[in-house]
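Only one structure is covered here, and it is reproduced in the block below.
The values are calculated or read from the model by the stated rules, or taken from the named source; none is laboratory data. Predicted model, so just to flag it, every value in this text is computed and none were measured. All Cβ positions, even for glycine, are placed from backbone atoms using ideal geometry, and neighbour counts span all protein chains on display.
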Amino acid sequence: MGWRAPGAMLRKILLRALVLAAVVGVPTYAAFQASPWPSALLVRWAYDRGGWRMSRALEKHVPPGVSARLDERYDAADDDALLDVFFPSQIENTEGALPTVVWVHGGGWISGSKDQIANYARILAGRGYTVAGVDYSIAPGRTYPTPVRQVNAALAYLAANARRLHVDPSRFFLAGDSAGAHIAAQLANAIAVPSYAAEVGVAPSIGRRQLAGTVLFSGVFRIAPVRPEGRVGIFGWTMPWAYSGRKDFMNDPGFAKASVVEYVTADFPSSFVSAGNADPLLPQSRELAAALASRGVRVEGLFFPDDHAPALPHEYQFNLDTDEGRLALERAVGFLAERTAMTGVRHDPSR
């Protein structure tokens, strides 16, 4: 069986949680209202189950001939600061350096890990790239903008260890899915716009000329209010509450900067943006693509008709057992190759 998006499973989990709350009574309900932790842990459990299912479904698509450097610590002072690096084995014992995709995993800022997207990273590396999968601290334990700063530190580490890790530090791509796409887009904008970097509190570790593009799947690009009523609403409120550290996150002027779509400029890097037609976050991907295009940024979008069948859920791109998932991979790789050629790097895995 191929991977299925966690939406249906999450709804079952939420229903069970509400039944439990009804059985246990008011104290349980009060706990869910007082802290994001109870609902965050439920959502994390559901999302992680889906993430590992996706990872197993991708195993058969991983090509031979991909080498790895696992669990590189990119910040000695941070226990969460680990990354994996994958590259074609043919450059293992050479000084070959390839354009480098830095992938930030999703999970609603409260779940996920680099290990869950490692097989997809291996598949991309098999196409002739160095690919780094980055871990970061998840909420509610750590809050915004910690992950943005951590991925920025990961870029610094990759640049400093470029020769050993087969990284071309002059050609980075920031990529991600869901919440990871949000973190990647925020960091890309911080690298591109010094005033935005200062407002977010990030000192970019690479220059704008080193950032060749972004690849953004199913992302969050605007922090929007969520109605807290109902089964899904209560838990939909959990993620920004957990990530911001404030239940009234819409009134937090600092967290407002997380709505990156409102701050992009003509200096944002060329981007590939995609989401499925049944993805609740589809409007956000369309909005970002339109905002970038209106500012003269080169954007390649992959979107599907509203009535496309089968309906494509959140994170559809990870399902390589479908034509649409394979198309997304081909289009993303094509974007990477085009940007690499345009920026003057000879894309040759054997060099």
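Would you say D307 is crowded, with 18+ Cβ neighbours inside 10 Å, over 24 Å from A192 (Cα atoms), at pLDDT 95 or above and among the acidic types (D, E)? Write out each step before concluding.
Numbers: crowded, with 18+ Cβ neighbours inside 10 Å: no; over 24 Å from A192 (Cα atoms): yes; at pLDDT 95 or above: yes; among the acidic types (D, E): yes.
No.
Among the listed residues A81, A76, A68, identify the single one that is more than 19 Å from the chain's Cα centre (by Cα), surrounded by 15 or more Cβ atoms within 10 Å (Cβ to Cβ) and modelled with pLDDT of 95 or more.
Working: A81 fails: more than 19 Å from the chain's Cα centre (by Cα); A76 fails: surrounded by 15 or more Cβ atoms within 10 Å (Cβ to Cβ).
Residue meeting the stated conditions: A68.
Could you tell me whether any residue of the stretch 157-178 is over 30 Å from I91 (Cα atoms), within 17 Å of the chain's Cα centre (by Cα) and at pLDDT 95 or above? Full working, then the answer.
As a first pass, look at the stretch 157-178 and keep what is over 30 Å from I91 (Cα atoms): 178.
Restricting the remaining residues to those that are within 17 Å of the chain's Cα centre (by Cα) gives 178.
Imposing the further condition that a residue be at pLDDT 95 or above reduces the set to 178.
Yes, some residue in the stretch 157-178 is over 30 Å from I91 (Cα atoms), within 17 Å of the chain's Cα centre (by Cα) and at pLDDT 95 or above.
Count, please, the residues in the stretch 45-81 that happen to be in contact with a Lys or Arg (Cβ under 8 Å, 6 or more places away or on another chain) and either polar (S, T, N, Q) or assigned to a helix (DSSP H, G or I) (or both).
Within the stretch 45-81, residues that are in contact with a Lys or Arg (Cβ under 8 Å, 6 or more places away or on another chain) and either polar (S, T, N, Q) or assigned to a helix (DSSP H, G or I) (or both) number 2.
Would you tally the residues in the stretch 281-304 being assigned to a helix (DSSP H, G or I) and either in contact with a Ser or Thr (Cβ under 8 Å, 6 or more places away or on another chain) or crowded, with 17+ Cβ neighbours inside 10 Å (or both)?
Filtering the stretch 281-304 for residues assigned to a helix (DSSP H, G or I) gives 282-294.
From the residues that got through so far, the ones that are either in contact with a Ser or Thr (Cβ under 8 Å, 6 or more places away or on another chain) or crowded, with 17+ Cβ neighbours inside 10 Å (or both) too are 282, 284-285, 288-289, 291-292.
Count: 7.
Specify which of the listed residues (S285, S294) is modelled with pLDDT of 95 or more, closer than 25 Å to I110 by Cα and of a type in the set (G, A, S).
On the way: S294 fails: closer than 25 Å to I110 by Cα.
Of S285, S294, the one residue that is modelled with pLDDT of 95 or more, closer than 25 Å to I110 by Cα and of a type in the set (G, A, S) is S285.
Considering only residues that are surrounded by fewer than 18 Cβ atoms within 10 Å (Cβ to Cβ) and either at pLDDT below 95 or not β-branched (V, I, T) (or both), which ones fall in the stretch 258-272? Break it down stepwise before answering.
At the first step, the residues of the stretch 258-272 found to be surrounded by fewer than 18 Cβ atoms within 10 Å (Cβ to Cβ) are 259, 262, 265-267.
Result: S259, E262, A266, D267.
Could we say that L14 is at pLDDT below 95 and either touching a Lys or Arg at 6+ places or on another chain (Cβ under 6 Å) or part of a strand (DSSP E or B) (or both) here? Before the answer, list the steps.
Details: at pLDDT below 95: yes; either touching a Lys or Arg at 6+ places or on another chain (Cβ under 6 Å) or part of a strand (DSSP E or B) (or both): yes.
The answer is yes for L14.
Being at pLDDT below 85 and either over 30 Å from V299 (Cα atoms) or surrounded by 18 or more Cβ atoms within 10 Å (Cβ to Cβ) (or both) is the filter here; which residues of the stretch 204-257 pass it?
Listed by number, the residues that qualify are V226, R227, P228, E229, G230, R231, V232, G233, I234, F235, G236.
Determine if the stretch 167-190 includes at least one residue that is surrounded by fewer than 23 Cβ atoms within 10 Å (Cβ to Cβ) and either in a loop (DSSP other than H, G, I, E, B) or touching a His at 6+ places or on another chain (Cβ under 6 Å) (or both).
no
Give the residues of the stretch 123-152 that are of a type in the set (K, R) and either surrounded by 24 or more Cβ atoms within 10 Å (Cβ to Cβ) or assigned to a loop (DSSP other than H, G, I, E, B) (or both), sorted by residue number.
At the first step, the residues of the stretch 123-152 found to be of a type in the set (K, R) are 127, 142, 149.
Selection gives R127, R142.
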